[in-house]
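Read-outs throughout are calculated quantities, based only on the coordinates presented, and are distinct from any laboratory measurement. Worth saying up front: this structure is predicted, and the values here are computed from it rather than measured. Positions of Cβ are backbone-derived with ideal geometry, glycine not excepted, and every protein chain shown enters the neighbour counts.
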Amino acid sequence: MAIDPQLLAYFRRQAEQYAGLPVPVDAPARRARFAEVAASSVVPDTAGITWTDLALPLAGRTLTARLFRPAATGAARLIVYFHGGGWVVGSHQTHHTVAAMLAADTGCAVASVDYRLAPEHPFPAPCDDAVQAVQWFAAQRAALGFDTGFLAVAGDSAGGHLAALAAQQVNAEAGRRVVAAQLLVYPVTAPVLSTESYRAFADGPGLTRDEMAWFWTQFIGADALARGAQHEDPRIHLMAQAPHMQPPATAIVVAANDVLRDDGLAYADFLVRHDATVVTIEASGMTHGFARLQPDAPRAREWMQRAAQAFTSLFDEA
């Protein structure tokens, strides 16, 4: 399927900018390069959106979350957001504009969580952070001035994996639907690198099969990755076990030209089989990472606005 010409132009500019420079090979170098690249796609926030950084005091560590609030309209609903970056790179700063635009598009507050990153903090640390951050925000809704009857999660790529995992585990531990809805944007859902989309888009652009293999290895290790579809831990392979209760209402967005396209589509089918309300959007012309590239490609912005509309349409069913 043809890739949006403005996205192609973006990738060409990036290739030209970094032509001849060493390819980052370790996690710190990749983080620095990703932060530099992402900075070019951070734009001023939509009018009416304000933000502050919060400290989340969790067991044995403190996380930071950037909290975006839309213009005051009473007690806003809250979405807890997890950034992408293969569990290795990224931050609330690299995804600042993604979270700010989500707040503007949904009319909800959005808390973008800086979870610990692999390989310094491999599995299960990012998963534990995601679960406990959602539990912390659930408990703090009244104190922060949010609607205490609603909570949602969202995330892109590896952040989509963490959002979905957190929704499953928080609800299961509570024995009720604490997380009512989730927005998963081109989520990672299984350590399986042999799907049709992995074959078709192995060389990108946006994300390659080799890059995804490297990210998985930093996160869970080579031995665990080798188990692939046979992996039985639902914190790693989100479809390894049936959920303990009905999953939250879900909007899943996949990019048509993305190694992770089939991850998202498979997870949508899994949720439907377990009685979830699911809206699936396949964004034609898009590649991996398009949510972060909304300032660079108008079609990417349109797809994310459509995703936000689909997501909020689920709130009353949640």
Worksheet item: So what's the gap between the Cα centers of the stretch 23-80 and the stretch 269-314, to the nearest angstrom?
Response: 20 Å
Response to the item:
Relative contact order in percent for the chain (Cα pairs under 8 Å, 6+ apart) equals 18 percent
Item to complete: Search the structure for amide H atoms under 5 Å from the amide H of L63, placed 1.01 Å from N in the peptide plane, and list their residues when 5 or more places away or on another chain.
Response: L56, L58
Fill in: From the C-alpha gyration tensor of the stretch 2-66, square roots of 5λ in Å
31, 21, 10
Worksheet item: Among residues other than D53 whose Cβ falls under 12 Å from its Cβ, what is the net charge (Lys/Arg +1, Asp/Glu -1)?
Response: 0
Worksheet entry | Cα gyration tensor shape of the stretch 5-317, rounded if a/c is under 1.5, else prolate or oblate by comparing a/b with b/c | rounded
Response to the item:
Spelling it out for A111: with amide H atoms placed in the peptide plane at 1.01 Å from N, the residues 5 or more places away or on another chain with amide H under 5 Å from its amide H are F68, I79, V80, Y81
Discussion item. Using the Karplus curve 6.51 cos²θ - 1.76 cosθ + 1.60 with θ = phi - 60°, what ³J(HN,Hα) values do you get for each residue of the stretch 226-237, in whole Hz, with x for Gly and Pro?
Written reply: 4, 6, x, 5, 7, 5, 9, 7, x, 6, 9, 9
Worksheet, complete the sentence: Taking the chain and counting helices only, DSSP H stretches of n ≥ 4 at -39,500 (n - 2.57) each over all residues, the nearest-500 ellipticity at 222 nm comes to -12500 deg cm²/dmol
Discussion item. Could you order the peptides 298-304, 148-154, 159-165 from most to least packed, using the average number of other C-beta atoms within 10 Å per residue?
Written reply: 159-165, 148-154, 298-304
Fill in: Global geometry of the stretch 141-207, whether rounded, prolate or oblate, following the gyration tensor of its Cα atoms and the 1.5 cut on a/c
prolate
Item to complete: Only bridges with both residues in the chain count here: give the DSSP antiparallel percent, nearest 5.
Response: 35 percent
Item to complete: Report the local net charge at Q218: Lys and Arg +1, Asp and Glu -1, summed over other residues whose C-beta lies under 14 Å from its C-beta.
Response: -2
Worksheet item: Can you list the HN-Hα couplings for the stretch 85-101, worked out from phi with the Karplus curve (6.51, -1.76, 1.60; θ = phi - 60°), rounded to whole Hz and with x for Gly and Pro?
Response: x, x, 6, 10, 10, x, 6, 5, 6, 5, 10, 4, 5, 4, 5, 5, 5
Worksheet item: Using a simple charge model, +1 on the beta-carbon of Lys and Arg, -1 on the beta-carbon of Asp and Glu, nothing else, what dipole does the chain show about its Cα centre, in debye to the nearest 20?
Response: 420 debye
Discussion item. Within 13 Å, Cβ to Cβ, of D26, how many net charges do the neighbouring residues add up to if Lys/Arg are +1 and Asp/Glu are -1?
Written reply: +2
